[in-house]
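Take a look at the structure set out below.
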Ligand code: B12
Ligand code: B12
Ligand SMILES: Cc1ncc(COP(=O)(O)O)c(C=O)c1O
Ligand SMILES: Cc1ncc(COP(=O)(O)O)c(C=O)c1O
């Protein structure tokens, strides 16, 4: 993604003090939340610890073992699942997986295992954590090696989705997409998976408008993409969703199976899935710690605000949210080049001069987060069954993407209003991007913004409103801001929503060697 | 068309001296040709005189009366058809139409009519000419009144073609197009009409990839467009072709039936229809005199060069030809606002950065001819059966049109490679233009060319090569340049090609009161 | 071509039958794929089938664009259109109608059911703001609205409807892949049947792929597609309630 | 859907039969136009037909975009492809073949016939420059090319062919509206028959809408469509001439 930065964003005459102010407010907003995070854990966080300890698989009823064990720990969860697990390991001499198996068969009740010497338990846990992190590092080095050998495509990277519901069909279509020029392949999740409080197991062949995110499915797709990467001589990146009630668990699976990007937003689950705010904000921290270590690029979800809110009126909420997501990410140890802040081309196509406003927005995001690989989402909301006009909306979107130097371009589909992409739709979308971007290469360097023009003014206004909003949020606190519906016009109570029951206060001697190890990796979380 | 000029063309730092030089060379080139023109007439020129005298209709065999009479004048044509006609009028006391009828029935042989006193003949001719010009003026005032009441659309004007072969079907589709937002309707001629040495007569319902240009067809379409103009509250302009072997006759029909634009190029017939160079250059002068008086906007055909030549390599030949067409037009009394110089968006869509070169070209043309309503032609050559990509090529074409402030935008069709437009194709083309132009309104004012950038450099190079070419042509003379294949890579001998036999030397007392009257209208021809 | 009575597609002349198609064949590009495409077009009744563009999609597929002349025709007189039977009234008229004919507040319970989280469509009908200037039902003084939002199980919706004594149930289904919407919608209808509440409520569904015809097939009283405004829905509900009231009255009298 | 053996259109799963169509009906927009469109799609064998977009084109027409699931399928094994029977050789190979097997220069006369003025296609085959890096026949040492250019009457072409003692006649037809190309092409073939020169020449045509299959139907020896390079044409001509030579020889001997 290390291209000469597009020149148009650099033309924006932004008020530097305002930018610093906004960033400082966002830092304070995140800090307050993180104080809360540090005092709590969640069922999903603890299941993540178990997964990192190597526990996987399901019991006779198909319940994932991490869920089974965490349920058994019940009220004791505040001590950390790792404590119970390694206590049992110490006591029985079995390895974690064997302990889990015994629990599944009812041969062991973790609460009743005689407690081993704390020092011993911690030692075992830390050893396991070192091993886990080493495994993650190994996959990351694998990626670095492949990218080193195969190289990166020019930006924007072309990102397409597959969503057949059947991982084996997904693979066929992903290969076709890569051969047609796609750089990044995302497997969309089956509708509603985000609200499952467990991760489905094994390869799956039925899903609704998406394919279940399972570790086996991750592996199947990774193998296929590694294969086609060799064939096309480009490293093809794989994406899934570290989002919903199992956010950190999926991040872990993504780390183990060498996914390259994770859709992961500090607030998406709260706003769009009515997941409990505390649950989501606690989970996002750990999931980002994992992604930071795994070398994932996270993709934030601000684009979604514009599906419920008006893209022109609410443009500043996207910027404000990006500042917040940036701070949460940095606090979790993610480097700027790992933070794919999201936004979208969603203004009313009937708006006269709308393209100027879209350019202003895209240039503003680029200018505010120069180190980040910005994720640019396509027009969707105003698409209709008129596939011909939809194709044109995507053409202007692609033009703005290349003109303003976006990093990751999620390609729009002519059939957006109709169905998840057909294999032929993906061809048309890739051709659209290739044609427009190749034909317009360099335009962003050739054209400059006229000083004092409408584009510059619009960008300045949006920044001002975003900074104002951040000031308010800092004053109120993020919890209150969510209750007042500052984002996407949605109000969420800090105690309401799904998965609240999974939030647990950490005991004084809470034990989570994996988190410790990951935090060793840096960041100020 | 009186919009604030787009700013991008104004950014071009063109060498003013070079521009003046080019224009001066073009003036000299035209002057030399016009000296030749003034000494000759053509069968089509004389048929035009007869039409202006009110002679229309066909004989029993279907031969148009103007052709019949001119044939009868044979060698005497050098005295001017008007002489023979009004001599007969004077001698018989019949009116021109009656004389023609008598000739058709073989009751009069113009050569054998006793010659009346020359003074009397001239007097009758000049009276007829005054009446003819007055009739043309009346139609022009009619247009001015309608435009005054209904107003003009914003530029670029949206221009579409109809080409069913059946004038009544054309009318249905023209109405539909106007209601969908078209500003200008051109009826494409039937394949090959340009090589007919007569104008077909009456309304026609069969044609090949076009509809015959006949005066009756002009009238049928004019009525329909006047009707729909009232309905949509915009004056809908009508276009046809004053081109081919009957160039000035069709210009006359267009003046009488109040057409608004005429495709009319000083060299198209020579290059693309292998019509004799002398014939074409003589005919174009009279046809332009008529269009000047009728208030037509002419559309020149430089776009066609790029279908046989490479659009990037031959870009300068388009500019050179435009300078020449401009001078021929001014010499015939056309005002700049009547000179729709043509060019096209025809570069290889696979060319990296091609859009920059297209912007450079469009901006250059706009900057060189600020007073002219530039006619911008769509991509056609590189279109294939891939209607989806074709639609995108047109989107970038429309973007460049609105960004650079072109005057008349001939809309591209997604099915360009397949068939003359279907009614549905026209809808898609108009939607494409409306969406892109409305969304990008103002972009040309907001964005500036970076000084010393690639776009500016490219424009400068093209201008330099064009000026160089004009210098050479001035030195060689246009006749020689055509023989050496300077345009469209086609070589044409001044004595070769179709219709050469129709070129006649004017006698000392050549009589053409209509030309006299038209030249009274100004211009330095 | 075979001359059938009726309307045919129109390219640039009456009855030329011009039709454009595009599809992908799970076959690598090449003459065989193109010929196969032409054969398919012939089977569709497209004469003079032409493959005007074909592109290989990475080895296993060929994308095709084709044109042909449609032999089929439709007798317009025979075209039957299923319409929601209610005359559309505006905000004021609906409320007046409710006050005068029903004499009580109309209670509606709405939800996006199953795993569907697309609330914009339902909100367009229910929320104050409404859609394209057409106020939502919450703003109607004569309506009481309970909007359960997204991803609501059919059970929950049915339960709340009974609790609230709903006059009408409004269901939104936007996700249609693998026909989930059909399953979801018919399940709810059956459930209400089973619980014997079906004929106590006006049952309405909507979504981008919903037509009134389809809704009726699924056992609903009405279905609304793209571009629906709240007033259309409100008009139907009050008129339907009034119709039922009259039927009941007639029943009692007779 | 009815299970037929063979390949079907593929949207996002094998055999889902997904097909996109667009066409215009000479009927004003409205539910009737949409329903008529659905009925047409059903007649084409498209199940679950959906009109996903419809727009009025100024009163008299409705433009429609639709999707449906194609019931038809094609048995790939049964697909027959008409191919020009000649193996393609390159510039060098063709000239060597001509020298060795024919032992004389091959004379070709080409033209855009009738009112057709589209010379680029023919020039791509005949001119020195050629097309996409594939030299034109003028550059072949073993060929003598007479390019008559545009808008050449069939009579003129036939006449010149005889004068020049042409081995092959190359005709280009680009304009196809109202099937003019079919009329032009068959007229020429008949004319050559009538003058008894048909079997003395290799008769070839080409153009964007020409397929080999069509050419043969029209009485030509071969037809070439979009993307043709001169070498393909040259290969066919020399091999066809050689084939005929052998047949004649065999005839004399037997
Ligand atoms: C906005 C949007 C989202 C937003 C939703 C935000 C929200 N709170 O609603 C977000 C980003 C969250 C989202 C997520 C997803 N989406 Co979504 N989304 C869309 C999008 C872009 C617009 C839909 C919309 O709001 N239209 C505007 C409303 C007003 O129109 P409408 O729904 O048609 O409603 C009108 C009528 O239908 C009718 N109506 C609708 N409901 C009702 C109900 C009643 C009772 C009545 C009377 C009338 C009525 O009246 C309304 C006003 O006229 C469409 C694509 C498109 N352009 O259509 C995709 C689309 C609907 N989404 C799709 C998918 C697959 C998803 C996901 C499942 C993807 C995934 N696997 O992650 C997720 C998960 C969501 C879930 N669990 O359901 C697909 C559905 C494919 C299919 N046919 O099954 C679409 C078509 C995109 C695509 N091509 O893939 N999506
Ligand atoms: C360039 C062009 C012109 C130029 C022609 C310049 C010239 N000297 O050739 C100009 C501007 C003069 C022109 C004019 C017209 N054109 Co024109 N033109 C085109 C255009 C844009 C490209 C055609 C082309 O050159 N393609 C490139 C060549 C290399 O490809 P090709 O012809 O397919 O040739 C290849 C193969 O087919 C094959 N091949 C072709 N011929 C032969 C012959 C032999 C023997 C062999 C072996 C192979 C072979 O080999 C070639 C190389 O691979 C097309 C639209 C399009 N994009 O296709 C319209 C198009 C062909 N034109 C069209 C029309 C209608 C006209 C006009 C008649 C319009 C009018 N009424 O005024 C006029 C008049 C021309 C006339 N009298 O015939 C229509 C034809 C519609 C139809 N299907 O009938 C088209 C499709 C545009 C449209 N959609 O309306 N045109
Ligand atoms: C951050 C994030 N998570 C998840 C999703 C997908 O939704 P779901 O949670 O239903 O899988 C999105 C939607 O684009 C997203 O942006
Ligand atoms: C000036 C001019 N005349 C005529 C034509 C049309 O060709 P024809 O002379 O065959 O009608 C064109 C083609 O665009 C043109 O530009």
Just the Cα atoms of the range D:1-87, one point each, no solvent: what log10 I(q)/I(0) does Debye give at q = 0.10, 0.18, 0.21, 0.25 Å⁻¹? -0.36, -0.77, -0.91, -1.11
How big is chain A by Rg and Dmax over its Cα atoms, in Å? 22.9, 75
For the pair residue A:472 and residue D:87, how long in nm is the line joining their label points, each one 7 Å along Cα→Cβ? 7.9 nm
Explain nothing, just the number: relative contact order of chain A, from Cα pairs under 8 Å at least 6 residues apart, as a whole percent. 22 percent
Angle between the Cα long axis of helix C:230-253 and the longest principal axis of chain C, 0 to 90 degrees, nearest 10? 60 degrees
Per the Debye formula with a single identical scatterer at each Cα and no solvent contribution, what log10 I(q)/I(0) holds for the range C:125-254 at q = 0.10, 0.14, 0.16 Å⁻¹? -0.32, -0.63, -0.83
Computed on Cα atoms, Rg of the range B:244-389 relative to 2.2 N^0.38 Å comes out at 1.08
In nm, to one decimal, how far is the modelled label at residue C:247 from the one at residue A:434, with both set 7 Å along Cα→Cβ? 5.9 nm
So how do B:51, C:200 line up by other beta-carbon neighbours within 10 Å, fewest first? C:200, B:51
What are the extents of the Cα atoms of the range A:131-176 along their three principal axes, in Å, largest first? 35, 30, 15
Whole-angstrom gap from the range B:34-84 to the range B:453-525, using each part's C-alpha centre: 24 Å
If the chain between residue B:105 and residue B:18 were fully extended at 0.36 nm per residue, the gain over the current Cα-Cα distance would be 25.3 nm
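Per the helix-only calculation at 222 nm, which mean residue ellipticity applies to the protein assembly as shown, given -39500 (n - 2.57) for every DSSP H run of n ≥ 4 and division by its residues, nearest 500 deg cm²/dmol?
On the way: 56 runs with 722 residues, N = 1558.
Calculated from helices alone, the mean residue ellipticity at 222 nm is -14500 deg cm²/dmol.
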Amide N of the range C:24-47 lying under 13 Å from the label point, which is placed 7 angstrom from the Cα of residue D:179 along Cα→Cβ: C:47
Grab the Cα-Cα distance for residue B:223 and residue B:152, subtract it from 0.36 nm times how many residues apart they are, and report the gain in nm with one decimal. 23.7 nm
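Residues of C:43-56, mean number of Cβ from any other protein chain within 10 Å of their own Cβ, rounded to a whole number?
5
Please work out the FRET efficiency for the pair residue D:104 and residue B:36, using the Cβ-Cβ distance as r and a Förster radius of 51 Å; give the result to the nearest 0.05. Mind showing how you got there, number by number?
Working: r = 48 Å, r/R0 = 0.95.
About 0.60, to the nearest 0.05.
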Going 7 Å from Cα along the Cα-Cβ axis for the label, what nanometre distances separate residue B:62 from the same residue across the other copies? 7.9
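Relative contact order for chain C: what is it in percent, counting Cα pairs under 8 Å that are at least 6 residues apart? Spell out each step's value before the answer.
Details: 471 pairs, mean separation 43.3, N = 254.
This gives 17 percent for chain C.
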Label point 7 Å beyond Cα along the C-beta direction, distances from residue A:434 to other copies (nm, shortest first): 3.3
Against the longest principal axis of chain B, how steep is helix B:277-294, in degrees 0 to 90 to the nearest 10, with axes from Cα atoms? 90 degrees
Cβ-based exposure ranking for D:129, A:375, A:498, C:92, in which fewest neighbours within 10 Å come first: C:92, D:129, A:498, A:375
quick shape note, the range B:352-488: Cα extents on principal axes in Å, largest first -> 50, 38, 31
Which order, highest average first, do D:147-156, A:392-401 follow once you tally other Cβ atoms within 10 Å for each residue and take the mean per peptide? A:392-401, D:147-156
The simple spin-label model distance between residue C:139 and residue A:75, using points 7 Å out along Cα→Cβ, in nm, is 5.3 nm
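Taking other Cβ within 10 Å of each residue's Cβ, how do C:16, D:12 sort, fewest first?
Values: C:16 16, D:12 25.
Lowest count first: C:16, D:12.
Let me have the relative contact order for the range B:174-288, percent, based on Cα pairs under 8 Å that are six or more residues apart. Working shown, then result.
Details: 198 pairs, mean separation 29.1, N = 115.
Relative contact order comes out at 25 percent.
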Restricting the count to DSSP beta bridges whose residues both fall in the protein assembly as shown, what percent are antiparallel, rounded to a multiple of 5? 35 percent
With the label set 7 Å along Cα→Cβ, residue A:19 is separated from its counterparts in the other copies, in nm and shortest first, by 3.8
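May I ask for the Kirkwood hydrodynamic radius of the range D:60-175, worked out over all distinct Cα pairs and given in angstroms to one decimal? List each step's numbers first, then the result.
Working: mean 1/r = 0.0578 Å⁻¹.
Across the range D:60-175, the inverse of the average 1/r is 17.3 Å.
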Debye equation applied to the C-alpha atoms of chain C, log10 I(q)/I(0) at 0.13, 0.17, 0.18 Å⁻¹: -0.87, -1.13, -1.22
Rg and Dmax of the protein assembly as shown, Cα atoms only, in Å: 37.8, 139
Cα-based helix-to-principal-axis angle, D:154-164 vs chain D, degrees rounded to 10: 30 degrees
Taking just the alpha-carbon atoms of the range A:41-147, what radius of gyration and Dmax come out, in angstrom? 14.5, 49
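Rule-based calculations on the coordinates, nothing more; no lab input. All values derive from a computational prediction rather than experimental measurement. Note that each Cβ is placed from the backbone with ideal geometry, even for glycine, and that neighbours are counted across all protein chains shown.
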